[in-house]
1. Largest first and in whole Å, what are the equivalent-ellipsoid semi-axes of the range B:142-261 based on the Cα gyration tensor, each being the root of 5 times an eigenvalue?
2. What percentages make up the Cα-Cα pair-distance distribution of the range A:134-249 when the bins are 10 Å wide from 0?
3. So which trypsin sites (Lys or Arg not before Pro) in the range B:121-165 end up in coil per DSSP with only 13 or fewer other C-beta atoms within 10 Å?
4. In the neighborhood of A:Glu17, defined by Cβ-to-Cβ distances under 14 Å, what is the net charge if each Lys or Arg adds +1 and each Asp or Glu adds -1?
5. Take B:Arg307, B:Arg319 and order them by how many other Cβ atoms sit within 10 Å, fewest up front.
6. Using Cβ counts within 10 Å as a stand-in for footprinting exposure, how do B:Glu127, B:Glu239 rank, fewest first?
7. Pick out, from A:Phe69, A:Cys111, B:Ala19, the residue whose Cα sits farthest towards the positive end of the charge dipole of the protein assembly as shown, with +1 on the Cβ of Lys and Arg and -1 on the Cβ of Asp and Glu.
8. Which whole-number percent gives the relative contact order of chain B, counting Cα pairs below 8 Å spaced six or more residues apart?
Amino acid sequence: MKVGLFIPCYVDAVYPEVGVATYKLLRHLGIDVTYPEKQTCCGQPMANAGFEKQAIPLAEKFEEKFKAFDYVVAPSVSCTAFIRMNYPRLLGGKTPQHTGEGHICETAKKCMDVVEFLHDVVQVRQMLGTFPHKVSLHNSCHGVRELGLSSPSEQHVEKFNKIKDLLQLVDGINVVEPERPDECCGFGGMFSVEETAVSAQMGKDKVERHIATGAEYVTGPDCSCLMHMAGVASKQGLNIQFKHVVEILAAGL
Amino acid sequence: MSTQHSKAAKEFLKNPNYAKWHDATFWAVRTKRDNMAQGLEEWEQLREKASAIKRHTITHLDEYLNQFATNAEKNGAIVHWAKDAHEFNEIVYGILKNHDVKKMVKSKSMLTEECEMNPYLEARGIEVVETDLGERIIQLKGQKPSHIVMPAIHLNHDDVGELFEEKGISTEKGNHDPTYLTYRARLSLRNEFLTADAGMTGANFGIAKTGDIVVCTNEGNADMSTSCPKLHIAAIGLEKVIPDYDCLAVFQRMLCRAGTGQPTTTYTSHFRKARPTAHHMHIILVDNGRSEWIGNPDHWEVLKCIRCGSCMNTCPVYRRSGGYSYSYFIPGPVGINLGMLRDTQAHSGNVSACTLCLSCQTVCPVKIDLGDQIYKWRQQLDDFGTANPQKKLMCAGMNMLFGSPTMYKMATAVSPLANIIPSFIMNMKLNPWAEGHEMMKFPKKPFHEMIKDYEQ
């Protein structure tokens, strides 16, 4: 099983330690993972802002770079969801010159968030890192409602949470969830600079609910939510720390 | 980059206590709705069924409309067809004029709000009295509904108490007890029912097989509006027709559970024909854009909407910005979509009032892909000429940066510089991110450099 590691643009530029933790964790589990060079962005920021067409050349590059792998794994639920939900359509209209036939996107269905990859494909059972702290779980919207990492609070379905399942494999950890466990934190990409007041209010409300659990850390499967909440927390003088799920899973490995 | 919505939302949030109360009030309704959904084992199957019924009916609407009209006429009702708001208002006025109506009581109808019927009739000398308590309150206050199911939810009992004193509805000054205020409203409305010459209802459903108009209320005001005056006019949007009672049973189980978190409305009233001593009942079927929207491949499913309001209650942006921050009279996720179907130029500003969290479409009892549709509207703004030029520029910039790995590498190589720029300077540059956030610390090396050490 060959795994291609996709490190989205803002993780690469702002949170390289999350990329490192993902790489180390996959290696630790004996997975054949490689990081293809010259990756940039999946195109989600432009598409959510209304310029989906600008994502097409990026999707083509992505497809070319990753199509030989069995799986493409990324530490980001929103980028993964964007690729899985939209690439087949974005690339569907393209006709490669060498075949003359309609293009079938290969990477979309192979692209997985690291949490679902570890939970569903690798099916990790062994104990992972050590993190003796109380941690409040942040269920990112696209993880919940597009990738199905946990049961959405809106639906009448059996309760589950794949992130929580994985975190139980960490020694010493105490995992809690805030009140309104899957309400949006208010990032929303361009939303955060276009609807600044509502975005900041949502972020503040969310961070306060995480703090109310008594946790020392907030952890989640998407750095963009964490980046937003950390920025709001720091501006508002709210004291709590933020870590991506993989950083905790890989802690001390 | 601000829109009408973002400016209004900013104002709304300037009163933090009120904003907090508004959010908590709607979250409480969402929680009540969740309890109801969890209480029905077959809730998700019902959603699937409800969506399928609506998809079927809307794609066979010509047949069902004909069936409905034929059966309604067989029952003795007079059926009218209005192609738009103006024609609807003319028909209503024509009927009222024929019967020499001076005053009409009205139970809740968002369709008449859509057609701006009240001001049309008032300009022609006809008094229109709203009888749903929430609607009556905002009518007396000269306001529009801030929510489609709970139109006066933005007001508290002191606001209502003062309003009732000013209008002479309550007599004990300073008594803002909700039970007292409701009692005074009841007395005042009782008089309106008894002195009105006509009553108008909306319709939650029209039943094709029987020609029934079905109206769901908690206050019984639709029944009072139709059993006191001698003339009943029912206004119904084309998309509200469903095949039969079996289908109604599905929606009846969901509407109130989804909307207000109650197992059912207090009254579910069926109107088929006028009572023996009254005039003929009139039913006005209103198109006003709907037949055109059916042909829109990306957005026709909005017509499945049963107007429960649950997408508003769950929307984190609606809860923190209020109904008046949207440019269309229906706010929240479904209002964003309906507004765009109505007029793209007037309502493009609303489509950015969404984080794409998708809670709306996960809560929707008829499974409208509300969030996905907002995403689709965004893709069209450039063609409509309503895309934000700054945003467009930013995206073009990102595309250039991300499209070229060499440029991207150069940019990320200099990003550590941001660490030595104090955050207060970033704030002063009117960086919109800095309005709500401290700037992030950039690392010394991006991942694509760091990984080289690990791979060796």
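1. Working: eigenvalues 200, 69, 27 Å².
Over the Cα atoms of the range B:142-261, the semi-axes work out to 32, 19, 12 Å.
2. Result, from short to long distances: 14, 48, 32, 6, 0 percent.
3. Numbers: sites: B:Arg124, B:Arg136, B:Lys141; in loops: B:Arg124.
Counting only loop positions with at most 13 other Cβ atoms within 10 Å, the trypsin sites (Lys or Arg not before Pro) in the range B:121-165 are B:Arg124.
4. +1
5. Numbers: B:Arg307 17, B:Arg319 25.
Ordered by Cβ neighbours within 10 Å, fewest first: B:Arg307, B:Arg319.
6. Details: B:Glu127 16, B:Glu239 24.
Going from sparsest to densest Cβ surroundings: B:Glu127, B:Glu239.
7. Of A:Phe69, A:Cys111, B:Ala19, it is B:Ala19.
8. 20 percent
Bear in mind that the values in this text are calculations on the coordinates, not laboratory data. A quick note: this is a predicted structure, and the numbers were derived from the prediction, not measured. Reconstructed Cβ throughout: ideal geometry from the backbone, glycine too, with neighbour counts over all protein chains shown.
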